[in-house]
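Encoded as structure tokens, the structure appears first; notes follow it.
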Amino acid sequence: MRKRKSTTCLTCNHRELAGINLALARGVSVRALASRYKLHRDALYRHLKSHLPPQLRASLIAGPDLDVDLDKLRETESQSLLVHLVALRGRLFSILDVAEEAGDGTMLARVAGQLHNNLEITGKLIGSLSSGHTSVTNVLVMPAYVDMRVSLVNALRPFPDAARAVAAVLHTIESKAADDITANPRELAS
Ligand SMILES: [Zn+2]
């Protein structure tokens with residue numbers, strides 16, 4: 001219905017096509033519609049016969065969105081949401097590092113909590129994206145990773161050089177994982 005083929009059908013070209021189709025599907029008489037939409041009755045009959053197959057009629061009656069590919073829509077939405085989550089996580093990790101450097105425990109806890117949520121939602125999304133398989137194998141997507149990361153950086157606090165070196169490695173891994181997730185969310189789950 002969204003992809004309108006080039007046609008000579010006056011009904012298909014009518015700007016109220018959606019309303020006409022819905023009315024036809026609900027059984028409104030062609031006669032009534034013809035006068036309401038200023039269409040020729042024959043044109044409406046032809047349209048009803050040729051351009052409004054039973055499946056389309058059924059989906060129109062059931063609800064306005066049923067002719068949309070729900071799975072596809074869910075996937076598209078999920079993937080764009082995933083990209084946002086991954087971008088947000090990148091920022092959260094940066095803030096986490098700032099909090100660590102500043103020794104701000106309150107901020108650290110708050111950002112870590114937000115990262116937990118972010119990772120949980122991301123994990124669920126990835127699970128829902130790969131139908132049938134829900135186990136997430138990438139450790140960076142697990143909330144426990146944040147705990148590990150915070151503990152690791154805390155443990156290294158007395159050793160600034162080591163802390164910096166580890167932070168650099170973590171950054172590399174995290175941004176690579178973020179790129180991978182963004183590029184191909186399906187490959188994360190197996
Ligand atoms: Zn038509």
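A few comments on the model shown:
- With a simple spin-label model that places each label point 7 Å from the Cα along the Cα-to-Cβ direction, the separation between Ser29 and Ser80 comes to 4.4 nm.
- Fully extended contour minus Cα-Cα distance, from Leu10 to Met148, at 0.36 nm per residue: 43.1 nm
- Each Cα pair under 8 Å and six or more residues apart adds its sequence gap; the mean of these over the residue count of the stretch 17-62 is a relative contact order of 51 percent.
- Across the stretch 17-62, the volume of the C-alpha convex hull divided among the residues equals 58 Å³ per residue.
Only the coordinates and a few stated rules stand behind these numbers; no lab work does. Keep in mind that this is a model prediction, so the values were computed, not measured. No Cβ is skipped: glycine too gets one built from the backbone with ideal geometry, and neighbour counts run over all protein chains shown.
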